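One structure is given below, encoded as structure tokens.
The values are calculated or read from the model by the stated rules, or taken from the named source; none is laboratory data. If you're wondering where the values come from, they're calculated on a predicted model, not measured in any experiment. Cβ placement follows ideal geometry from the backbone for every residue including glycine, while neighbour counts extend to all protein chains displayed. Only protein heavy atoms, including side chains, enter the accessible area calculation; ligands, DNA and RNA are left aside. Shrake-Rupley method; radii C 1.70, N 1.55, O 1.52, S 1.80 Å.
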Amino acid sequence: VSPALISFATPQEVRLALAVGHVDWAAEAAARVRDQMPGSAEYTILNAQILAATGGARDALAELGQVLDRVLPAHVPTTVVYAQVLAAGLESSLGSDIRAFDALRKALEWAVPNNFRRPFIDLWPDLEPLLSRNRSRFGPAEDFVAALLADHAEQEDRATGVIDTLLSAREVDVLHDLPSRLTIPEIAEAEGVSENTVKTHLRSIYQKLGVNSRSAAVRAARERGLI
């Protein structure tokens, strides 16, 4: 299998594994890339994805450092875009708006000439607020950003009508508890179910909303008017 194919396919595998709550599957996929492409930017980004999904935003940014500084070799140009987009979302989650915008601007410089949309689409729940807040600040990339936002809005209109039926009543109950500071054991007690049941509902919610973290699920649910 060519390095290019690995570089395109494995981030999707990791993203989907994290979306259904299987960090172990994501780690196995990343380990394969480590063995096949040691010392590559691609492996480093996969590791950063896993760190970000498990709550280590600062650790994930530190992991990305050598990719952002172009110290590690990238097998495909989309890897550089993905690194900057991931960094933008992480910086935004930490409240570093200036750094987030700078990373996003650098991502667009690479993405626009080649119409690289996939990195933005994959991380959309974290990117959309940042793109919306900074409209009219993207200069030559403004049309690219406008197209991304317009395409997503159209997809949202189609999806909103079916998302409520995709979530079960129990999943909706758990979804409503996510904005609180309740822990999983506390949610389980409040809902009168086991912790494993809550975890199962969470994996299903993440998968159906296309996210891989509690905070992203809350954002996605609010955007869809579910909470």
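From the P(r) of the chain, can you give the percent of Cα pairs sitting at distances over 22 Å? Across the chain, Cα pairs with separations above 22 Å total 53 percent.
Here the contact order of the chain, divided by its residue count and restricted to Cα pairs under 8 Å and six or more residues apart, works out to 17 percent. If only the Cβ of Lys and Arg carry +1 and only the Cβ of Asp and Glu carry -1, the dipole of the chain around its Cα centre is close to 320 debye. P(r) for region 1-73, from all Cα pairs and a bin width of 5 Å, is 3, 19, 28, 26, 19, 5, 1 %, short bins first.
On the chain, 52 percent of the accessible area sits on carbon and sulfur atoms, based on a 1.4 Å probe. Between the listed residues VAL193, LEU149, VAL172, the Cα displaced farthest toward the positive end of the dipole of region 94-227, a dipole computed from Cβ unit charges relative to the Cα centre, is found at LEU149. Within the chain, the longest segment free of exposed loop sites, counting trypsin sites (Lys or Arg not before Pro) that fall outside DSSP classes H, G, I, E and B and have at most 11 other Cβ atoms within 10 Å, spans 1-69. Once you reduce region 10-85 and region 201-220 to the center of their Cα atoms, the two points are 20 Å from each other.
Here the extension length gained between ARG34 and ASP69 equals 10.6 nm, from 0.36 nm per residue of separation less the Cα-Cα distance.
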